[in-house]
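Everything below concerns the one structure shown next.
The values are calculated or read from the model by the stated rules, or taken from the named source; none is laboratory data. All values derive from a computational prediction rather than experimental measurement. Cβ: placed from backbone, ideal geometry, glycine included. Neighbour counts: every protein chain shown. In case anyone asks, the SASA skips ligands and DNA or RNA and just uses the protein heavy atoms, side chains included. Shrake-Rupley method; radii C 1.70, N 1.55, O 1.52, S 1.80 Å.
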Amino acid sequence: MRKPQDQKLSFGGLSDSSYVLSRRAVLSGLGVMTLLGASGCSQTLELPSLGTVEPSGGMPPVGVDRMSTGSIPLVSIDSNITDNGTMYASLIDNGFVIPAVPFQKVKPEFRRQIVLDPTGEAPGTIVVRLNERHLYWVQEGGEAIRYGVGIGKAGFEWNGRAEIQYTKQWPTWTPPKEMIARKPELVKWSGGQPGGLDNPLGARAHYIYKDGRDTGYRVHGSPEWWSIGTQASSGCVRMINQDVIDLYNRVKASPTRVPIVVA
């Protein structure tokens with residue numbers, strides 16, 4: 001007598017080997033579909049045609065459910081927002097070699113990315129949400145580019161509606177008199193510290209004006225990438241140098257002065 005596992009199985013004209021192959025194909029397909037559902041992805045994955053066994057031995061195709069899960073809305077693709085290793089790599093800018101940022105040490109929520117716009121502001125607006133430590137560049141289509149930022153220490157914050165009057169590359173930093181009074185060692189820069197890798201304003205600065213007057217506050221780069229997501233500045237909004245260059249290029253391309261909302 002044959003053992004049960006040695007018996008030949010015939011199903012709808014298929015040999016045992018054909019049945020095993022078909023069964024494996026079905027299980028494989030179901031496994032992929034399970035993974036797709038778990039990911040919450042709203043894109044459609046093209047799967048091999050699966051089939052039910054017919055008495056004739058044919059394998060008619062079975063429709064694949066192409067309904068979106070709707071759990072993760074799609075956002076557009078921007079060539080300047082790719083993988084973290086590319087965005088935060090070392091780069092040469094105006095003769096300065098900006099070091100790579102060890103992005104693994106920066107919390108994911110503070111790395112540059114495209115998100116659905118939560119601000120409701122018009123496209124071409126900069127929105128800084130102090131509690132979130134996020135800066136949004138509002139785009140068309142209900143999206144925004146989100147950057148992590150560092151903000152002012154308690155008592156040094158500024159908020160309100162204003163505009164970016166102008167921008168500068170590798171700006172000169174002049175410490176305010178009040179800062180020099182707190183830190184006398186900064187008196188050497190009372191005439192201005194030239195732009196450079198150690199300059200507190202970093203690679204770019206956006207100058208905030210309200211009603212035509214300089215607020216004294218800036219959105220600027222910083223060599224201190226580790227301060228992003230913290231409350232550490234003297235009131236300005238600081239960004240990773242690679243991020244502030246990206247924002248600068250967008251602001252410069254704007255046909256009008258860029259409004260900014262800090263709240």
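Listed values, structure above:
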{"read-out": "Total residues in the range 184-204, condition within 18 Å of Leu91 (Cα to Cα) and open to solvent by less than 20 Å² (accessible area, probe 1.4 Å)", "value": "6"}
{"read-out": "Residue list for the range 198-234, restricted to those being of a type in the set (Asp, Glu), more than 20 Å from the chain's Cα centre (by Cα) and farther than 15 Å from Arg161 by Cα", "value": "Asp198"}
{"read-out": "Residue, modelled with the lowest pLDDT, within the range 231-263, restricted to residues that are open to solvent by 50 Å² or more (accessible area, probe 1.4 Å) and assigned to a loop (DSSP other than H, G, I, E, B)", "value": "Ser234"}
{"read-out": "Residue in the range 137-156 that is hydroxyl-bearing (Ser, Thr, Tyr) and out of contact with any Lys or Arg (no Cβ under 7 Å at 6 or more places or on another chain) present", "value": "no"}
{"read-out": "So Pro223, is it touching a Gly at 6+ places or on another chain (Cβ under 9 Å), open to solvent by less than 80 Å² (accessible area, probe 1.4 Å) and over 19 Å from Arg133 (Cβ atoms)", "value": "no"}
{"read-out": "Any pair with Cβ under 8 angstrom, 6 or more apart, that starts in the range 236-262 at a residue that is of a type outside the set (Lys, Arg) and ends at one that is open to solvent by less than 10 Å² (accessible area, probe 1.4 Å) and part of a helix (DSSP H, G or I)", "value": "Met239/Leu247"}
{"read-out": "Scan of the range 90-109 for residues that are aliphatic (A, V, I, L, M), in contact with a Gly (Cβ under 9 Å, 6 or more places away or on another chain) and loosely packed, with under 14 Cβ neighbours inside 10 Å, ordered by number", "value": "Ala100"}
{"read-out": "Where a residue in the range 172-191 is touching a residue at least 12 places away in the same chain (Cβ under 8 Å) and among the hydrophobic types (A, V, I, L, M, F, W, C) and its partner, wherever it lies, is assigned to a strand (DSSP E or B) and open to solvent by less than 80 Å² (accessible area, probe 1.4 Å), with Cβ under 6 Å and at least six apart", "value": "Trp173/Gln193"}
